[in-house]
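Visitor: Handing you a structure now.
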Amino acid sequence: MLALYLDTNLLIGEIPDCWNHWQILSYLNLANNNLTGKIPPTLGYTYPFLINLRNNSMFGELPSTLRNSWSLVMLDLSENHFSGSVPAWIGDKLSSLVVLSLRSNNFDGHIPHKICDLQFLQNLDLANNNISGVIPKCFNNLTAMATKIKTNNDVSLSHPNFYKFSFKALLVLKGRKDEYGSILGLVTSMDLSTNSLIGEIPKAIGSLVGLLSLKFSGNLLTGNIPDNIGNMELIESLDLSMNQLNGEIPPSFSNLNFLNHFNVSYNNLTGQIPTSTQLQSFENLSYVGNHLCGPPLSKNCTSKGIPTDVANNGCINEGSKVNLLYVSIVFGFVMGFWSVVAPLFFIRSWRIAYYRKLDHICGKLYVFWAIMDM
């Protein structure tokens with residue numbers, strides 16, 4: 001049997017570990033079922049081109065035998081409960097991968113640098129996991145993402161004396177999930193969102209000029225947005241929201257003429273939004289949670305590119321410091337005064353003792369000054 005398609009059914013239980021009896025199983029699609037258990041180790045010996053186990057309830061680490069599946073073009077294990085680190089052998093052994101989707105699992109650890117060896121990789125989705133560490137600086141080696149020229153509309157394989165098989169992939173782009181088939185070869189995307197990635201966005205990302213979608217939202221990324229991202233002129237969707245990025249939006253972003261989904265909200269960005277047809281077409285929600293100014297926001301900028309409300313607050317704060325000093329002096333005087341007077345006013349025994357003591361001191365002073373006059 002060359003292909004086994006049982007996707008979108010009500011299958012339950014575990015996948016049996018008997019795949020060593022199959023000499024060849026090129027296409028396995030068990031997506032959208034209720035399967036549980038681990039990936040059977042013998043599945044790695046079937047030399048598949050496609051393994052799709054999306055949207056089940058499977059768990060455990062990826063078996064090391066999958067490294068034998070050197071012919072894999074598409075590996076989709078998304079929306080399960082797989083755990084452990086993303087294996088380095090994926091980049092080392094599965095060199096034919098075009099689509100790699102591990103989104104919505106429990107993977108942890110760092111992104112292995114071996115991923116950078118996947119020269120044919122067009123769609124990388126590691127979103128919604130527990131992956132930490134930095135974004136590899138070697139991503140510029142992802143050749144298929146770094147070229148603007150796409151030779152084929154689809155991703156397909158032709159079998160001698162048999163038929164042509166075209167791959168279909170369910171990708172999450174521009175905030176929505178769509179199936180791509182006949183144009184899958186034209187789509188390039190990278191999604192590392194909703195993890196725990198730290199550090200700066202490497203400048204190597206700007207070399208991926210063939211990307212149509214880039215999503216790094218929901219991480220702990222810091223530093224400035226690389227200016228060379230403005231060289232990614234084909235990009236249609238860019239989401240860097242909910243990080244800790246600072247500095248300005250690079251002026252080069254005005255070159256992104258195909259951009260139709262953009263979000264940099266909830267960072268520490270400052271300054272004026274670059275002027276371009278695209279950047280001014282997005283709603284305020286794309287920029288909220290920063291200190292930005294200029295259209296499309298209602299906040300105007302000063303000549304130095306600072307929001308006018310921030311500049312005005314600076315002036316008000318200086319005056320507030322002076323006013324606060326006077327308020328503190330008056331408050332201290334009132335509190336000190338009443339801390340002495342109030343007990344004498346309300347407590348009779350204290351009042352009598354106070355006046356007796358005062359009378360005693362005045363008597364002594366009277367005698368002292370009388371002696372001095374003599």
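The values are calculated or read from the model by the stated rules, or taken from the named source; none is laboratory data. Just so you know, these numbers come straight off a predicted model, no measurement behind them. Neighbour counts are summed over all protein chains in view; Cβ atoms, including those assigned to glycine, are modelled from backbone coordinates with ideal geometry. Heavy atoms of the whole protein, side chains included, go into the accessibility calculation; ligands, DNA and RNA do not. Shrake-Rupley method; radii C 1.70, N 1.55, O 1.52, S 1.80 Å.
Visitor: With the range 177-267 as the region, which strands (runs of 3 or more DSSP E) entirely inside it contain at least 1 residues that are free of Cβ contacts under 8 Å to residues at least 60 places away in the same chain and not charged (D, E, K, R)?
Guide: Numbers: elements: 189-191, 196-200, 213-215, 220-222, 237-239, 261-263.
Correct list: 213-215, 220-222, 237-239, 261-263.
Visitor: Would you pick out the residues in the range 84-118 that are touching a strand residue (DSSP E or B) at 6+ places or on another chain (Cβ under 6 Å) and either of a type in the set (Phe, Trp, Tyr) or more than 23 Å from Asp7 (Cα to Cα) (or both)?
Guide: Val86, Gly109, His110
Visitor: Just one of Val99, Val134, Val172 is among the aliphatic types (A, V, I, L, M), closer than 17 Å to Leu192 by Cα, touching a residue at least 60 places away in the same chain (Cβ under 8 Å) and surrounded by fewer than 16 Cβ atoms within 10 Å (Cβ to Cβ); which is it? Please lay out each step first, then the result.
Guide: Working: Val99 fails: surrounded by fewer than 16 Cβ atoms within 10 Å (Cβ to Cβ); Val172 fails: surrounded by fewer than 16 Cβ atoms within 10 Å (Cβ to Cβ).
Of Val99, Val134, Val172, the one residue that is among the aliphatic types (A, V, I, L, M), closer than 17 Å to Leu192 by Cα, touching a residue at least 60 places away in the same chain (Cβ under 8 Å) and surrounded by fewer than 16 Cβ atoms within 10 Å (Cβ to Cβ) is Val134.
Visitor: Just one of the numbered conditions (1) open to solvent by 20 Å² or more (accessible area, probe 1.4 Å); (2) more than 23 Å from Ser156 (Cα to Cα) is not true of Ala3; which one?
Guide: (2)
Visitor: Say whether the condition of being of a type in the set (S, T, N, Q) and touching a Leu at 6+ places or on another chain (Cβ under 8 Å) is met by at least one residue in the range 86-97.
Guide: First, the residues of the range 86-97 that are of a type in the set (S, T, N, Q): 95-96.
Going one step further and asking which of them are touching a Leu at 6+ places or on another chain (Cβ under 8 Å), we end up with 95-96.
Checked against the condition, which is being of a type in the set (S, T, N, Q) and touching a Leu at 6+ places or on another chain (Cβ under 8 Å), the range 86-97 yields at least one hit.
Visitor: Considering only residues that are among the small types (Gly, Ala, Ser) and over 20 Å from Phe49 (Cα atoms), which ones fall in the range 115-160?
Guide: Those that are among the small types (Gly, Ala, Ser) and over 20 Å from Phe49 (Cα atoms): Ala127, Ser132, Gly133, Ala146.
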